[in-house]
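Asks: Dumping the structure here so I can ask a few things about it.
The values are calculated or read from the model by the stated rules, or taken from the named source; none is laboratory data. The shown structure was predicted, so the numbers you read here are calculated from the model rather than taken from an experiment. Neighbour counts are summed over all protein chains in view; Cβ atoms, including those assigned to glycine, are modelled from backbone coordinates with ideal geometry.
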Amino acid sequence: MARVSDAHLEARRLSILKAARKVFSEKGVAAATMAEIAAAACCSPGAIYRYFESKDALAHGCMSESTQSIRDAWTHPEQVAMSFEDLARITFAELDRPDVNIDTQLFLEQMLAAVRDRDSEAIASFREESQSVPRGIRFMMETQFGVPADRAEVQTIAEALYSFYWGARLVKLLLPEADTDGQLRTVYRLIERTLSGQPLLPAD
C-alpha cells in the first residue's frame, strides 16, 4: 500500500480545522457535534480523531497560529527583536483579520463554559496567561522607556493594557468597524507621557 504523503495529511488536517471553525462559529463549541464537523469536512468522525483526540482539542486547534505566536512574543519578550510599540501595533493589527472574530468567539465560549462548569484546569491556564503576558508587557516598557523596575505603577499599567486588549477584542466582535488601532495609538501616547513624567493633559 502506498504511504500517504505528509502533504496529504497536512491538507486533511487543515480541511478539518476549516470545517470545524465554520461549524463552531455557526453552532458554538458545546452544541456542535463531531459528526457535523466530519460532514462539513467530507470525512468520517473517526478520521477527525486521528488528528484531534477530542472536540476540545479540535476547538483549541482552531485558534489561529498567528494569535498563538503573538501571545508567545508577549510571554517571552526577551526573545523578540522588536520594540514595545511595534509589537503592540502588530498585536492590534491582528484584530482586523477576517477570521479573528471566530478566534475570539471560541475563546469566550470556552472560558464561559469553564466558569460555568468550574473547570479549574482551564481557569488556571487563563490565570497563568493573565499573569505572564503583563509580565512581558512590563519587561518591554521597562526596557524601552528605561523605567526603574521598582516603579509601582508600571505593573498596574501592564495589567490595564492586558485588560484593554481583551476589551478591544470583544468590541471588535460586536462592532467590526471600531477603530481599535486608533484607540491603541491614543493609549500608547498616554503611556509615554505617564512614564516620562509628563502630565497626561497639556496645561491651560
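Asks: When you scan region 174-204, how many residues do you find that are modelled with pLDDT of 90 or more, touching a helix residue (DSSP H, G or I) at 6+ places or on another chain (Cβ under 9 Å), among the hydrophobic types (A, V, I, L, M, F, W, C) and in a helix (DSSP H, G or I)?
Replies: Of the residues in that region, 2 qualify.
Residue-by-condition table, conditions (1) closer than 30 Å to Arg13 by Cβ; (2) assigned to a loop (DSSP other than H, G, I, E, B); (3) out of contact with any strand residue (DSSP E or B) (no Cβ under 8 Å at 6 or more places or on another chain):
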position: Arg71; (1), (2), (3): yes, no, yes
position: Thr91; (1), (2), (3): yes, no, yes
position: Leu95; (1), (2), (3): yes, no, yes
position: Glu142; (1), (2), (3): no, no, yes
position: Asp150; (1), (2), (3): no, yes, yes
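Asks: Scan the helices (runs of 4 or more DSSP H) fully inside region 1-67 and keep the ones with 3 or more residues being exposed (fewer than 12 other Cβ atoms within 10 Å of the Cβ) and modelled with pLDDT of 80 or more.
Replies: It comes to 6-27.
Asks: For residues in region 83-113 being within 15 Å of the chain's Cα centre (by Cα) and of a type in the set (Phe, Trp, Tyr), which is surrounded by the most Cβ atoms within 10 Å (Cβ to Cβ)?
Replies: Among residues in region 83-113 that are within 15 Å of the chain's Cα centre (by Cα) and of a type in the set (Phe, Trp, Tyr), the one surrounded by the most Cβ atoms within 10 Å (Cβ to Cβ) is Phe92.
Asks: Please identify the pairs in which a residue from region 70-95 that is within 20 Å of Thr180 (Cα to Cα) has its Cβ atom under 8 Å from the Cβ atom of a residue that is of a type in the set (Gly, Ala, Ser) and modelled with pLDDT under 90, counting only partners at least 6 apart or on another chain.
Replies: What qualifies is Glu94/Ser66.
Asks: Here's something else I'd like to know. Looking at Thr156, Thr143, can you tell me which residue is modelled with pLDDT under 90 and exposed (fewer than 15 other Cβ atoms within 10 Å of the Cβ)?
Replies: Of the residues listed, the single one that is modelled with pLDDT under 90 and exposed (fewer than 15 other Cβ atoms within 10 Å of the Cβ) is Thr143.
Asks: Right, another one. Is it the case, given these coordinates, that Arg116 is of a type outside the set (Asp, Glu), closer than 21 Å to Ser25 by Cα and surrounded by fewer than 16 Cβ atoms within 10 Å (Cβ to Cβ)?
Replies: Yes, satisfied.
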